[in-house]
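The values are calculated or read from the model by the stated rules, or taken from the named source; none is laboratory data. Given the structure is predicted, the values throughout are model-derived calculations rather than measurements. Every residue, glycine as well, gets a Cβ built from its backbone with ideal geometry; the counts of neighbours run over all protein chains shown.
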């Protein structure tokens with residue numbers, strides 16, 4: 001490595017070596033020229049010989065430089081070809097990688113498009129479901145408003161309770177065991193009259209709905225409003241209990257008690273939770289407060305009572321049917337006895353047939369054991385002499 005100032009030359013490079021040699025030869029030639037110019041005398045023979053050798057060395061150096069130049073050109077050509085080959089290979093690899101990347105990108109884009117389409121489809125379905133739910137909610141809101149309109153009116157509220165009572169009673173009892181809107185002898189019309197047998201007798205179910213007092217109780221925000229709503233609730237329920245006890249409990253016509261039907265489980269729960277004294281007052285007045293759930297349980301108990309009563313009413317018919325059934329059983333027993341007699345006789349006949357068959361088999365066996373040989377005249381037995389039969393005196 002040769003350093004001249006900031007420039008470094010690699011001595012292993014043939015081009016650098018050739019340049020150094022050329023520079024040395026040129027320097028030597030210049031020195032000789034200067035010497036010859038300064039000394040125009042005749043060049044001695046040794047010096048001429050040296051000059052001839054220098055010319056020959058120059059020619060050889062020129063040949064070496066040409067060889068180095070050709071070698072460098074060939075190496076440069078090979079380097080260019082190698083670079084072109086590597087460049088083509090790199091370009092082909094880059095094209096393949098780009099094609100693979102494009103394929104992966106297309107596949108990813110296709111998958112993303114499919115997922116997007118699926119998501120949009122699901123979103124559309126959910127939006128459709130939301131629209132339907134919104135429609136149902138809107139309809140339900142209208143129904144709730146209609147129900148509020150119905151419950152805000154006392155007459156329509158009473159009709160609502162009667163319809164609910166009719167639905168419960170019709171599901172729990174036979175159609176001939178109750179009467180809706182039955183008019184009693186005192187001119188009062190009961191919402192439902194259950195035809196129970198005596199005792200206890202027909203029992204009345206009347207629908208009451210103290211909704212206004214219940215709503216006021218739950219809307220109360222101050223102590224005064226709560227106290228006023230509680231008093232109104234007690235007054236309203238006491239009035240309903242008193243009216244039912246006076247109108248629908250009649251001696252000799254109805255049972256000694258009646259049912260007050262509350263169409264709301266919430267009102268029923270409020271009474272038992274916060275107004276137990278009203279429930280006890282109903283017990284004392286023989287008016288039992290029921291909700292839709294407890295009314296269904298009570299009606300199921302009444303259905304069992306009606307079933308038992310009807311069975312008692314039909315006890316005579318049941319006894320008559322049992323007598324006929326007993327006679328039929330006796331006939332069956334007699335015919336079975338006759339059939340047993342026929343079976344016994346047939347069994348005896350079969351036993352007799354078996355015995356006769358057994359005897360016949362034994363005789364056949366004895367016949368099979370006889371030795372039947374050819375009979376000769378000498379072996380002919382003498383004729384039998386028939387003796388006269390003796391006469392009995």
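A few remarks follow.
- Only one entry in 47, 79, 54, 19 is surrounded by 10 or more Cβ atoms within 10 Å (Cβ to Cβ) and modelled with pLDDT of 75 or more, namely 79.
- Only a single item in (1) assigned to a helix (DSSP H, G or I); (2) surrounded by 15 or more Cβ atoms within 10 Å (Cβ to Cβ); (3) out of contact with any strand residue (DSSP E or B) (no Cβ under 8 Å at 6 or more places or on another chain) is not met by residue 209, and it is number (1).
- Residue check, residue 243 surrounded by 14 or more Cβ atoms within 10 Å (Cβ to Cβ), in the same structural domain as residue 186 (by TED's automatic domain parsing) and either without any contact (Cβ under 8 Å) to a residue 60 or more places away in the chain or under 17 Å from residue 191 (Cβ atoms) (or both): yes
- Residue 162 falls short on exactly one of the conditions (1) assigned to a helix (DSSP H, G or I); (2) surrounded by 17 or more Cβ atoms within 10 Å (Cβ to Cβ); (3) modelled with pLDDT of 85 or more, and that condition is (3).
- Residue within region 184-203 that is in contact with a helix residue (DSSP H, G or I) (Cβ under 9 Å, 6 or more places away or on another chain) and assigned to a helix (DSSP H, G or I) present: no
- One residue from 280, 323, 310 being in the same structural domain as residue 188 (by TED's automatic domain parsing), loosely packed, with under 11 Cβ neighbours inside 10 Å and out of contact with any helix residue (DSSP H, G or I) (no Cβ under 6 Å at 6 or more places or on another chain): 280
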